Amino acid sequence: MRRCAPVFAAVLMAAASSAAAQRPDVSVDLTGRVQVQYNTTSVDDDDLGPGPGPRVASSTFETRRVRLGARVSVEEWITGMAEVELALGNLAMRNVFMNLAFSDGFQLRMGQF
């Protein structure tokens, strides 16, 4: 399924761009989330005993992960999302899907969600 995620993202963006050229009923909303963490300690370097240089960071501020995405809606019956995540130095596709709402009782969703 992870190998199909870029394909679904490309199809979703192509559908949105071709529909935008023909009809004004296309909306794209950009989304994003950031997870940050602050760590601190009360342990001093002197409490650890003798040793070369500072060994304990007294406080750190880290960005754990960043997610950026786009929600796309075409004619209100084709919806989808493409979202990437950057965490621990790795870039991965997280939510990439397309939903086709043929009627209230029948919808088809494809992708990774």
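Nothing in this text is a laboratory measurement; each read-out follows from the coordinates by a stated rule. Note that the structure is predicted; figures quoted are calculated from it, not measured. Cβ coordinates were reconstructed from backbone atoms using ideal geometry, including for glycine residues, and neighbour counts include every protein chain displayed.
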- prompt: Among 68-81, 95-108, 29-42, what's the highest-first ranking by average C-beta atoms within 10 angstrom per residue?
  reply: 68-81, 95-108, 29-42
- request: Would you calculate the separation in nanometres between label points at A87 and Y38, each defined as 7 Å from the Cα along the Cα-to-beta-carbon direction?
  value: 2.3 nm
statement: Here segment 74-83 yields Karplus 3J(HN,Hα) values (6.51, -1.76, 1.60; θ = phi - 60°; whole Hz; Gly and Pro given as x) of 10, 6, 6, 10, 10, 10, x, 8, 10, 9
Net charge contributed by nearby residues that have their C-beta within less than 13 Å of T31 (K/R +1, D/E -1): +1
